[in-house]
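The values are calculated or read from the model by the stated rules, or taken from the named source; none is laboratory data. Please read these numbers as outputs of a predicted model, since none were measured by experiment. As a convention, Cβ positions derive from the backbone with ideal geometry for all residues, glycine included, and neighbour counts pool all protein chains shown. Note: areas computed on protein heavy atoms with side chains; ligands, DNA, RNA excluded. Shrake-Rupley method; radii C 1.70, N 1.55, O 1.52, S 1.80 Å.
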Amino acid sequence: LFGMWDVKMKYALNYKASKRSDFPEKIIKFLRTKHPRGVKLFRIHVSGDFYSPEYVRKWIEIAKELDGDGWKFYTYTRCWRVGGFRQVLEELRSLSNVEVMASTDPVSGAPPSGWREAGIDGGWHSKNVLCRAQSEGLTCAQCQFCGPKFKKAHGIYLLVHGIKGPTL
């Protein structure tokens, strides 16, 4: 899917837009005026990750501005392992309307202490549960387990992206 030309072009345009100084204002306006009504839950990055601490700060600005509107955000990141990111990711995690989960795999190492995990093939924590999209066929909007509503809960694990897990 992500190898298709139109998808690659869309991601390139999104990246270019994210570099603009008015990116937070554009996202805020979009979510307030053009986003479909209903669930106010937004996943930061369907594919990809944060590319700089400055970019994370833009999402902090967006989340703070939209907190009063009832918006909730969640994201998975591997940047917790990259120098210069931890402090700004901790700031993003500290917002009540944001959940940042450490994306892990067998070679990434365990997630930082206190972080929820989104691991592959079970993850590092024994209490992780299989993503309900894979186990039950729910959408993220239906489940919302990865969102900030469940900040104190355990993490999740995914079998492999795109492979459906066992049916309950």
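Only Cα pairs under 8 Å and 6+ residues apart enter the sum, and on that basis the relative contact order of the chain stands at 17 percent. Summing charges over all other residues whose Cβ lies under 13 Å from the Cβ of residue 118, with Lys and Arg as +1 and Asp and Glu as -1, gives -1. Residues whose amide H lies under 5 Å from that of residue 98, counting only those 5 or more places away or on a different chain, are 73; hydrogens are built 1.01 Å from N in the peptide plane.
For the chain, carbon and sulfur atoms together expose 58% of the accessible surface, with a 1.4 angstrom probe and every protein chain in place.
Taking amide H as placed 1.01 Å from N in the peptide plane, the amide H of residue 104 sits under 5 Å from that of 118, 119, 120, each at least 5 places away or on another chain.
Here the stretch 10-168 is assigned +1 on the Cβ of each Lys and Arg and -1 on the Cβ of each Asp and Glu. Its dipole about the Cα centre then comes out at about 400 debye.
Between the residues 12, 77, 125, the greatest Cα displacement towards the positive end of the dipole of the chain, with unit charges on the Cβ of Lys, Arg, Asp and Glu, is found for 12.
Residues whose amide H lies under 5 Å from that of residue 130, counting only those 5 or more places away or on a different chain, are 157; hydrogens are built 1.01 Å from N in the peptide plane.
How large is the Rg to Rh ratio of the stretch 19-103 when both quantities use alpha carbon positions and Rh follows Kirkwood?
Result: Rg/Rh = 0.94.
Relative to the dominant Cα principal axis of the chain, helix 5-18 is inclined by about 60°. Once both axes come from the Cα atoms, what is the angle between helix 23-33 and the longest principal axis of the chain, in degrees from 0 to 90, rounded to 10? Roughly 80 degrees, rounded to the nearest 10.
Can you check what the Kirkwood hydrodynamic radius comes to for the chain, Cα pairs only, in Å to one decimal? Write down the numbers at each step before the final one.
Working: mean 1/r = 0.0594 Å⁻¹.
For the chain, inverting the mean 1/r across all distinct Cα pairs yields 16.8 Å.
Which shape class, rounded, prolate or oblate, goes with the stretch 72-160 when its Cα gyration tensor gives a ≥ b ≥ c as root eigenvalues, a/c under 1.5 marks rounded, and past that a/b bigger than b/c marks prolate? Oblate shape, in that a/c is at least 1.5 and b/c is the bigger or equal ratio. Rounded to the nearest 20 debye, the dipole magnitude of the stretch 4-51 is 200 debye, with +1 charges on Lys and Arg beta carbons, -1 on Asp and Glu beta carbons, and the Cα centre as origin.
Note that the chain presents 58 Å² accessible area per residue, ligands and nucleic acids not counted, probe 1.4 Å. Residues considered: 35, 154, 125. Largest GNM mean-square fluctuation over the chain, using C-alpha springs under 10 Å, is found at 35.
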